[in-house]
Amino acid sequence: MTEIASPTALPQAANHNGVIDGTLRFVVIATMAFLTVVDLFAAQALLPSLVERYGVSPAAMGLAVNACTFGMAAAGLAVALFSRHIDRRRGIILSLVLLAVPTALLAQAPNLAVFAALRVVQGLCMATAFSLTLAHLGERYTAGEAAGAFAAYITGNVASNLIGRLVAAGVADHFGLASAFYAFAGLNLLGAALAYVAIPVRRCTVSAGMPMMEEMQGWLTHWRHPSLRAGFGIGFCILFAFIGTFTFVNFVLVAPPLSVGMMELGVIYFVFLPSILTTPLAGTVAGKIGTRNALLASLAAAALGLPLLLSTRLSMVLSGMVLVAAGTFFAQALATGFVSRTASHDRSAASGMYLASYFVGGLIGTAVLGQIFDRLGWPATVTGIGLALAVAAVLSWRAGGAGAAGR
């Protein structure tokens with residue numbers, strides 16, 4: 001399990017049993033990602049029940065549930081700024097231990113404001129662990145190895161969407177809402193334990209200090225880079241589209257004519273299963289046809305799913321969800337690796353800026369599309385999602401034209 005932090009062991013592994021060791025490394029990285037962000041979207045499976053519990057509109061509850069993206073954006077920026085001074089291993093473990101606290105408190109949140117505040121704190125903890133892990137992977141592996149590591153991490157993210165929603169819906173259905181949040185608090189602590197075992201102390205170092213103005217100059221350099229700026233925008237649009245789809249489709253599924261039950265709603269999220277199989281291929285596909293072409297193809301696949309979301313037949317809606325999930329997750333894996341490869345220096349800052357843009361997109365997507373959903377309905381919401389995917393496609397083309405994305 002130390003393979004996650006030990007690229008120097010790779011040649012030896014390749015000489016002896018590289019396939020097994022490579023698979024083990026993939027599983028460990030994916031599992032860490034799963035346990036880090038399992039809280040992020042699992043609560044979306046509980047949205048109809050939470051609306052009933054707090055007596056609020058779908059838009060208000062959707063914004064509260066996704067308030068964690070605000071904390072994640074803030075933490076992404078903070079880690080980007082101060083990551084040189086943070087011990088990777090210690091930061092990841094501490095973040096996951098602290099994450100269990102607001103997760104458990106959500107079980108007894110007395111009102112919507114407290115619920116939203118706890119979700120923001122969750123976001124701060126999740127993004128800190130998430131950003132530090134991405135920085136750790138980018139620093140410890142070569143560009144080629146990092147592509148596979150990032151794909152593994154995003155695959156774990158995909159798995160958290162599927163398994164997290166299944167667990168949330170199943171536990172809530174059998175034991176009540178409070179029990180679901182207690183279960184996730186336990187998973188947070190399990191993630192901290194895995195990080196403690198999988199990341200050796202000797203491999204985690206803290207960079208020497210740098211004056212704040214010099215660090216800020218590094219940020220500005222990243223922002224001025226056309227390809228990186230496009231990459232940040234792509235991340236914004238990806239989560240805008242994803243969160244808009246998988247937050248508000250819940251209300252479509254439980255309403256007539258689909259009328260899906262609570263436990264069935266959890267089972268429906270097997271639509272994420274194909275994404276678990278396709279996302280690990282992102283690095284390979286990008287290497288064969290170029291990142292820009294791969295991005296455009298993945299965004300096109302997501303866009304093809306949008307008309308299906310408007311169907312009154314459950315099978316068609318599920319097919320649309322499969323395409324949106326597979327396309328957006330594949331694009332996320334590509335964009336994450338692209339930003340890390342394109343940054344010529346301080347990759348941790350570039351990754352933090354990408355994650356901040358990504359999560360800001362989710363927050364704004366929730367707010368904007370929530371209002372559209374409440375006022376204009378589901379077809380208008382799907383139109384807004386489609387516009388976000390179109391903007392991401394334009395940015396992907398421009399990033400390729402700037403050079404790096406085409407590789």
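The values are calculated or read from the model by the stated rules, or taken from the named source; none is laboratory data. This structure is a prediction, so every number in the text was calculated from the model and none was measured. We place every Cβ from the backbone using ideal geometry, glycine too, and count neighbours over all the protein chains shown.
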So if I check each of GLY401, GLY406, GLY337, which one is over 12 Å from ILE234 (Cα atoms) and modelled with pLDDT of 75 or more? GLY337
Any idea which of ALA180, ALA168, ALA172 is within 19 Å of GLY261 (Cα to Cα), modelled with pLDDT of 90 or more and assigned to a helix (DSSP H, G or I)? ALA180
Being out of contact with any Gly (no Cβ under 9 Å at 6 or more places or on another chain), in contact (Cβ under 8 Å) with a residue 24 or more places away in the chain and not in a loop (DSSP other than H, G, I, E, B) is the filter here, so list the residues in the range 295-330 that pass it. LEU314, VAL317, LEU318, THR328, PHE329, PHE330
Among the residues of the range 278-294, is any surrounded by fewer than 24 Cβ atoms within 10 Å (Cβ to Cβ), under 22 Å from the mean Cα position of the chain (by Cα), within 24 Å of VAL317 (Cα to Cα) and modelled with pLDDT of 85 or more? yes
Collect the residues in the range 258-294 that are farther than 19 Å from SER227 by Cα and not in a helix (DSSP H, G or I), keeping them in residue-number order. LEU258, SER259, VAL260, GLY261
Given the conditions (1) more than 20 Å from PHE34 (Cα to Cα); (2) modelled with pLDDT under 90; (3) touching a Pro at 6+ places or on another chain (Cβ under 9 Å), every one holds for ALA117 apart from (2)
Please list, ordered by first then second residue, the pairs with beta carbon atoms under 7 Å, 6 or more apart or interchain, first in the range 57-72 and of a type in the set (Phe, Trp, Tyr), second surrounded by fewer than 22 Cβ atoms within 10 Å (Cβ to Cβ). PHE70/VAL120
Given the criteria within 16 Å of THR36 (Cβ to Cβ), at pLDDT 85 or above and in a helix (DSSP H, G or I), does ALA152 qualify? no
Residue selected from the range 223-251 under the condition more than 23 Å from the chain's Cα centre (by Cα) and in a helix (DSSP H, G or I), by the criterion farthest from LEU389 (Cα to Cα): ARG224
If you go through the range 309-340 one residue at a time, how many are more than 20 Å from LEU162 (Cα to Cα) and surrounded by fewer than 23 Cβ atoms within 10 Å (Cβ to Cβ)? 4
